[in-house]
Amino acid sequence: MDARALTARTKLSIGEKIGYSCGDGAANFVFMTMILFQLNFYTDTLGLAAGIAGTLLLVGRFWDAFFDPMMGTIADRTNTRWGKFRPWVLWTALPWGVMMVLAYTSPGFAAPWKIAWACLTNVALMTLYSANNTPYSAMTAVMTGDVNERTSLSSYRFVAAMIAQLIVGGFTLPLVAKFGGGDTARGWQMTMGLWAVVCVVLFVITFATTRERIQPDPKQKTSPREDFGNLLKNGPWIAMFILTLAHFSMLAMRGGTVFYYFQYYVDREKLYEFLQGFGLAGSAGAAGGGVWHSILDTFGLIVDAGRTNVGSVGFSLLNMSSQFVTVIGVAFSTALSIRFGKKAVAITGFSLTTVFMAGFILLPPGAVWATFVMDWLRALTYAPTIPLIWAIFADVVDYAEWKFRRRTTGVIYATILFALKTGLSLGGFLAGWLLSFYGYQANAVQTVESLTGIRMMVSIYPALFLGVVIVCLVSYRISKTMNLQIQDELAERRKLYMRDAPVAGTA
């Protein structure tokens, strides 16, 4: 294979990029449900105490975090005609769908057995998530060696993720109410059944439309000890590991408490008036509302006659509108990174996000418009960082191959995902523990102290975690110039051992 052919193979078609993006769209039906609703499901539907619920999140996500490195090692050593990582997306698809439903099923058990059920189903779902998402994430580094194509691929991926997040954040609670008809447990089971079907279909599309191209040197010897040992000598990996830990602690803490913020802090009358302006405050099921009103009513996005779902509808509107803004921001990430470099864009984006997020502490209960505008600004500035961070992970894989002459794609992504899941564990645990510390009581009028805790968890506390993220990015050493140097040097090396190698996944 000559240099020209090698270069041509790094260019991905739009169809392959869209197909790959479907996998992250599917993953976000679990991820965003976990971030936004799992804590609330445990406290307000299963009836678990907030402290116990937070501990369950910690256990499940910690297990998932520790399983990730094992999964990365297994994936690196998987060899099939479809490649190393792509087959796992297919193999885990159906079990993933089944476990999604079970994890959000409320059995008629006594309290101790109910806790055990929640723990076991959460651990099983997190295990399948890891077995699917660790290889899926690693595919970014093996589908193409072109750094700009990777950024573009990540942008497609996260546009799909944002669309999925918009759907999950906007429609989950209304569908739970609609399907449940007053029985939230039944509503959760049916809603997650619908999402599970969507996930399985999307995973099959990802498997069918993608290919693996970048392969390790066939002379590379298997050595897990050396693979993991080199990580401690890899400065960019260390920076990204700590960044990921802090980043996803922030996402879990804030994501898990924004619904509480709408349900208990935002002024319900002001929110109702705000929703009226969007045509969402007419009585659900009322005649004469027109086709659009009927469609919204079908998905549970109309405030009911008793106004019992004002918080849910408001929260759904915030999620959908913010995710729409996020999609716009993600679309500009590739152009911004080519012009200024991934590191510079990410630092700027996270810095502005920190300011807008911390600003929530200043908002009074009746400032509904300000709440939405502040979150739109947060979403817009945060959006370009999302695909760039994942493109940076692929750069870390290349850096490790360039420096140590060993390609350990699965191990690096697995350990980054270990940090991600540990961050989710920590953030979810802290959210549950802080709710308990501040005196939160489910389905009750909250005290001033508990409302203060909820406000802090959507503003100041997550902003502190983002401060750590910014410090890590400042210390990250792979510049735009260095990135291109690594790309070119690795391309020359690969020509020596890829000349006669087949492209994985051609069948």
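The values are calculated or read from the model by the stated rules, or taken from the named source; none is laboratory data. As the structure is a computational prediction, the values presented were derived from the model and not from experiment. Cβ coordinates were reconstructed from backbone atoms using ideal geometry, including for glycine residues, and neighbour counts include every protein chain displayed. Remember, those area values only see protein heavy atoms, side chains included, never the ligands or the DNA or RNA. Shrake-Rupley method; radii C 1.70, N 1.55, O 1.52, S 1.80 Å.
Quick look at the numbers
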item: Scan of the stretch 57-91 for residues that are open to solvent by less than 50 Å² (accessible area, probe 1.4 Å), not hydrophobic (A, V, I, L, M, F, W, C) and not in a helix (DSSP H, G or I), ordered by number; result: Thr78, Thr80, Gly83, Lys84
item: Filtered residues of the stretch 122-167 (kept if open to solvent by 10 Å² or more (accessible area, probe 1.4 Å) and among the charged types (D, E, K, R)); result: Asp146, Glu149
item: Test result for Met100, in contact with a Cys (Cβ under 9 Å, 6 or more places away or on another chain) and under 22 Å from Thr191 (Cα atoms); result: yes
item: Candidate set: the stretch 376-402, residues that are open to solvent by less than 10 Å² (accessible area, probe 1.4 Å) and of a type in the set (Ser, Thr, Tyr); chosen: the one nearest to the chain's Cα centre (by Cα); result: Thr385
item: Flag for Leu48 being open to solvent by less than 20 Å² (accessible area, probe 1.4 Å) and assigned to a loop (DSSP other than H, G, I, E, B); result: yes
item: Number of the condition not met by Ile328 [criteria: (1) at pLDDT 85 or above; (2) open to solvent by less than 20 Å² (accessible area, probe 1.4 Å)]; result: (2)
item: Matching option when the condition is at negative phi and surrounded by 24 or more Cβ atoms within 10 Å (Cβ to Cβ), among Ser333, Ser351; result: Ser333
item: The stretch 421-453: number of residues that are free of Cβ contacts under 8 Å to residues at least 60 places away in the same chain and closer than 14 Å to Leu48 by Cα; result: 1
item: Selected residue (only one of Met240, Met190 is among the hydrophobic types (A, V, I, L, M, F, W, C) and under 19 Å from the mean Cα position of the chain (by Cα)); result: Met240
item: Residue tally, condition farther than 14 Å from Val159 by Cα and assigned to a helix (DSSP H, G or I), over the stretch 308-349; result: 25
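For every residue, the table says whether it meets (1) within 19 Å of Ala26 (Cα to Cα); (2) touching a residue at least 24 places away in the same chain (Cβ under 8 Å); (3) among the charged types (D, E, K, R).
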residue: Met139; (1), (2), (3): yes, yes, no
residue: Asp146; (1), (2), (3): no, yes, yes
residue: Ser154; (1), (2), (3): yes, yes, no
residue: Gly187; (1), (2), (3): no, no, no
residue: Leu194; (1), (2), (3): yes, no, no
residue: Val197; (1), (2), (3): yes, yes, no
